[in-house]
Amino acid sequence: MRRPDICLFLGPADRAELEALLIARNTPRKLVWRAAIVLATADGAGTVEIMRRTGVSKPTVWRWQTRYLDEGIAGLKRDKTRPSRVPPLPMELRLKVIAKNVQETPPNATHWSRAMMAEAMGISPSSVGRIWADAGLKPHLTHGFKVSNDPMFEEKVTEIVGLYLDPPDRAVVPCVDEKSQIQALDRSQPGLPLKKGRAATMTHNYKRHGTTTLFAALDVKSGVVIGECMPRHRAKEFLSFLRRIDRAVKKPRDIPLVLDNYATHKTPEVQAWLAKHPRFKLHFTPTSAS
């Protein structure tokens, strides 16, 4: 027997999609019989016949017939959400957890863990985790910062940002820095190369060859890097690197350099060399700044 209040017509697109769900190997079982209920209803089958074909109860047949009429195929693919059996925590308690996390530090620890907060507030660790996730809190993470005391901070930042965003015509703006005390290591013996089913190998033992210093100049606009390794980190090596930049950047381009306040950048020897090479101009970042 068929429900008298059900009148279901399937358009060609919906019928093709439902039939495709029936024969697809990866369609979930529950979606298969939901599609079968709708197709059988459209073909004129009664409730008892649909129950026999799909193996589901009468209320289930009626439920998915109604769902399709109300929401279409999208409704068949979605399960109704059921309310949680656990009542939600009161907002007052949630705010207390957040306030305690922000304003207090646990005894004998640097930051709150879920277990410590749960014990302090009398709730479960999973509840603490949900409260933190909803509030976007990550107590285990700390970001360091340092405030610059440079009296010309604003002027220097404006000048350097302006160089990067709007460089002068016919100029290359390199960002120059040094990385000192790089370990020059060599493996005690060659490793095996990469091949199918095995990663490349490398010996655990190594030989020390002292340290080296990397001088690098990055052209932020093009991404080109001028680099050189030197044994020391003095004004002499810095002057040698400036000459390397001078050779690499063709004239008549100007070269405004952005660099930090390291002492070797400001020695009399460097100042004398810059006076003879007017296309170089140094722009120092504020003290205690990146």
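Taking amide H atoms as placed 1.01 Å from N in the peptide plane, the amide H of D150 lies under 5 Å from those of T287, each 5 or more residues away in sequence or on another chain. By the helix-only formula, in which each DSSP H run with n ≥ 4 contributes -39500 (n - 2.57) and the sum is divided by residues, the chain has a 222 nm mean residue ellipticity of -13000 deg cm²/dmol.
Using 1/(1 + (r/R0)^6) with R0 = 45 angstrom and r between the beta carbons of E159 and R187, what's the FRET efficiency to the nearest 0.05?
Details: r = 46 Å, r/R0 = 1.01.
E(calc), rounded to 0.05, equals 0.50.
Out of these labelled values of Cα extents along the principal axes in Å, (1) 48, 43, 35; (2) 64, 45, 36; (3) 103, 53, 51, which was calculated from the coordinates shown here? Answer label, from the structure shown: (3).
Among D254, D79, which comes first, then next, by fewest other beta-carbon atoms within 10 Å?
D79, D254
Close amide H pairs (under 5 Å, H built 1.01 Å from N) link L257 with K281, L282, H283, residues at least 5 positions away or on another chain. Converting phi to 3J(HN,Hα) with the Karplus coefficients 6.51, -1.76 and 1.60 and the offset θ = phi - 60°, the range 115-127 yields 5, 5, 5, 4, 5, 5, 9, x, 10, 7, x, 5, 5 Hz in sequence order, with x at every glycine or proline.
The string of couplings for the range 52-61 from the Karplus curve (6.51, -1.76, 1.60, θ = phi - 60°) is 5, 6, 9, x, 10, 7, 4, x, 5, 4 Hz, one whole number per residue in order, with x for Gly and Pro. Packing around the peptides 271-281, 55-65, taken as the average count of other Cβ atoms within 10 Å per residue, puts them in this order, highest first: 55-65, 271-281.
Pairs K100/K146; K138/K221; K100/K156; K138/K196; K207/K266; K146/K179: which exceed 30 Å Cα-Cα?
On the way: K100/K146 26 Å; K138/K221 35 Å; K100/K156 40 Å; K138/K196 41 Å; K207/K266 36 Å; K146/K179 21 Å.
Check vs 30 Å cut-off fails for K138/K221; K100/K156; K138/K196; K207/K266.
With neighbours defined as other Cβ atoms within 10 Å of a residue's Cβ, the residues V128, V176 order from fewest to most as V176, V128. Across the range 237-254, coupling constants 3J(HN,Hα) worked out from phi with the 6.51/-1.76/1.60 Karplus curve, θ = phi - 60°, read 5, 5, 5, 4, 6, 4, 5, 4, 5, 4, 6, 6, 9, 5, 6, x, 5, 7 Hz, and Gly and Pro carry x.
In loop segments of the range 1-69 as defined by DSSP, there are no GluC sites (Glu not before Pro) with at most 14 further C-beta atoms inside 10 Å of their C-beta.
Rule-based calculations on the coordinates, nothing more; no lab input. Remember, predicted model here, so these are calculated numbers, not experimental data. Methodologically, a virtual Cβ is constructed for each residue, glycine included, from the backbone with ideal geometry; neighbour enumeration extends over all protein chains shown.
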